[in-house]
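Let me begin by presenting the structure, written as structure tokens, before commenting on it.
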Amino acid sequence: MKIKELLAAGTKELGLELTSKQIDAFMNYLDILQEWNQKMNLTAIDDSEEIVIKHFLDSLSSVSVMDLAGDEKMIDLGTGAGFPGIPLKIFYPKLDLTLLDSTKKKITFLKNLVRELNLKGIEFIHGRAEDYGQKSKYRGSYDVVIARAVAPLNILSEYAIPFLKPTGSFLAQKGAKVKEEVIEATRAIEVLGAEIYDVVSIDLPYSDAKRNLVIIDKVRETPLEYPRKAGTPNKEPISN
Ligand code: SAH
């Protein structure tokens, strides 16, 4: 199958449809990612088909689950080479998106990518989630926080939940071991002022991989002591 067709068929399987303009944007993203990946290690996945399936389709797998209007204020924590944030921005052009990562070269790549794809309305943050979650400009100001492959759920919850508005939702993209992670994060989620809304299993198209989307709703203000200083959530995770 041609790579464009793989993307179109895969999105269809996810229940979504892309315009030809959106497909072209993804093909551009693919070229730019592979070009930069030769010079710097941005992602371990470098094969075109694998990028389409494991990065693009996996990033879009949350769309039908989230049911967004498309103009929400969203932050992607630990976005790396732009996943899932950039595919979601291509899908929802009006998204008010912030991309945060602690690795400088990834932010440099993303700024170039966003310019080449001519995407508007994206803010970049080079820094740690723990530091920005305490800044008044960012804390409590997002409708949606999203993250994939950044940290176990109890640690990730401390990074994510402080960014949410009191009515916001956090979507964590997880793999097969989701049950253990959810159990381990029970107290952390509660302490941070949120609750599990749902865990949705997804079959990634053209792959045997099982994916799980954990949806967490904020229900109260996060106590001011969270997030603790950079490194502490990871060293001393909130535990049950
Ligand atoms: N979300 C991307 C990248 C995952 S790799 C994907 O799914 O492909 C994890 C990324 O999170 C790395 O780029 C790393 O720099 C970043 N990261 C890890 N801990 C972080 C923290 N505390 N604050 C900000 N970024 C962090």
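The values are calculated or read from the model by the stated rules, or taken from the named source; none is laboratory data. Keep in mind the model is a prediction, meaning the values are calculated, not measured. A quick note on method: Cβ atoms are made from the backbone with ideal geometry, for glycine too, and the neighbour counts reach across all protein chains shown. Note: areas computed on protein heavy atoms with side chains; ligands, DNA, RNA excluded. Shrake-Rupley method; radii C 1.70, N 1.55, O 1.52, S 1.80 Å.
Brief remarks follow.
- Neighbours by Cβ (under 9 Å, 6+ apart or cross-chain): first from region 5-31, among the β-branched types (Val, Ile, Thr); second not in a helix (DSSP H, G or I): THR11/GLU17; THR11/LEU18; THR11/PRO205
- Odd one out for VAL214 among (1) open to solvent by less than 80 Å² (accessible area, probe 1.4 Å); (2) touching a residue at least 60 places away in the same chain (Cβ under 8 Å); (3) assigned to a loop (DSSP other than H, G, I, E, B); (4) not hydroxyl-bearing (Ser, Thr, Tyr): (3)
- Each residue in region 157-193 was checked for being open to solvent by 20 Å² or more (accessible area, probe 1.4 Å), touching a residue at least 24 places away in the same chain (Cβ under 8 Å) and part of a loop (DSSP other than H, G, I, E, B), and 2 pass.
- Lone unmet requirement of (1) within 10 Å of the ligand (Cβ to nearest atom); (2) not in a loop (DSSP other than H, G, I, E, B) for ALA151: (2)
- Residue match in region 12-25 (condition: under 17 Å from the mean Cα position of the chain (by Cα) and assigned to a helix (DSSP H, G or I)): no
- Matching residues, region 101-119, being more than 10 Å from the ligand (Cβ to nearest atom) and hydrophobic (A, V, I, L, M, F, W, C): PHE109, LEU110, LEU113, VAL114, LEU117, LEU119
- Condition met for VAL52 (in a helix (DSSP H, G or I), open to solvent by 30 Å² or more (accessible area, probe 1.4 Å) and among the β-branched types (Val, Ile, Thr)): no
- For region 78-110, a residue qualifies if it is under 12 Å from ALA147 (Cβ atoms) and charged (D, E, K, R), and exactly one does: ASP101.
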